[in-house]
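Data block below; observations after.
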Amino acid sequence: ESDAGDYTCVCGDKQSTASLAVHALPVLFKEELKNEEVLEGTSVSLRCELTKAAPVQWKVGSKVLRASDKYQIRQPGTTAELIIRDLKVEDA
């Protein structure tokens, strides 16, 4: 998208200009989340990979998760990762 704009070819006192529009491709899941079974009191890392870097939102049910002592949220490049610490049965 950042390449969009008006481009001009100049030759002496003559020029030709064209407008370039770039349409963004949709973000897709390259690698989806996988089901996990872990023991109470441990930690788990949930990870997915996108086709391109884009903001993500983590939810459990309809509740949006925020970074805290319980939840660590990382997004290096196209990988989105949620780490849940000190798991309890109610975290399922």
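The values are calculated or read from the model by the stated rules, or taken from the named source; none is laboratory data. Because the structure is predicted, anything quoted here is derived from the model rather than measured. No Cβ is skipped: glycine too gets one built from the backbone with ideal geometry, and neighbour counts run over all protein chains shown. Calculation scope for accessible area: heavy atoms of the full protein, side chains included, ligands and nucleic acids excluded. Shrake-Rupley method; radii C 1.70, N 1.55, O 1.52, S 1.80 Å.
Pairs linking a residue in region 23-47 that is free of Cβ contacts under 8 Å to residues at least 24 places away in the same chain and within 16 Å of Trp58 (Cβ to Cβ) to a residue that is surrounded by 10 or more Cβ atoms within 10 Å (Cβ to Cβ) and β-branched (Val, Ile, Thr), with Cβ atoms under 8 Å and 6 or more positions apart or on different chains, are Phe29/Thr51; Glu36/Val44.
Residues of region 33-68 that are polar (S, T, N, Q) and loosely packed, with under 10 Cβ neighbours inside 10 Å: Asn35, Gln57, Ser62, Ser68. Residues that are under 20 Å from Glu40 (Cα atoms) and free of Cβ contacts under 8 Å to residues at least 12 places away in the same chain within region 62-90 comprise Ser68, Glu90, listed in sequence order. Looking across region 1-32, the residues that are assigned to a loop (DSSP other than H, G, I, E, B), open to solvent by 100 Å² or more (accessible area, probe 1.4 Å) and farther than 30 Å from Ile83 by Cα come down to Glu1, Ser2, Asp13, His23.
Here is a yes/no grid of residues against (1) in contact with a strand residue (DSSP E or B) (Cβ under 9 Å, 6 or more places away or on another chain); (2) under 20 Å from Pro26 (Cβ atoms); (3) of a type in the set (A, V, I, L, M, F, W, C):
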{"site": "Arg47", "(1), (2), (3)": "yes, no, no"}
{"site": "Leu50", "(1), (2), (3)": "yes, yes, yes"}
{"site": "Val56", "(1), (2), (3)": "yes, yes, yes"}
{"site": "Ile73", "(1), (2), (3)": "yes, no, yes"}
{"site": "Pro76", "(1), (2), (3)": "no, no, no"}
{"site": "Asp86", "(1), (2), (3)": "no, no, no"}
{"site": "Ala92", "(1), (2), (3)": "no, no, yes"}
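In region 33-92, which residue that is part of a loop (DSSP other than H, G, I, E, B), among the basic types (Lys, Arg) and within 17 Å of the chain's Cα centre (by Cα) is farthest from Glu1 (Cα to Cα)? Before the answer, list the steps.
The initial filter retains those residues of region 33-92 that are part of a loop (DSSP other than H, G, I, E, B), namely 33-43, 51-58, 61-62, 65-70, 75-78, 85-88, 92.
With among the basic types (Lys, Arg) added as a condition, the list becomes 34, 52, 66, 70, 85, 88.
Now drop any that are not within 17 Å of the chain's Cα centre (by Cα), which leaves 34, 52, 66.
Details: Lys34: 32, Lys52: 13, Arg66: 30 Å.
The residue in question is Lys34.
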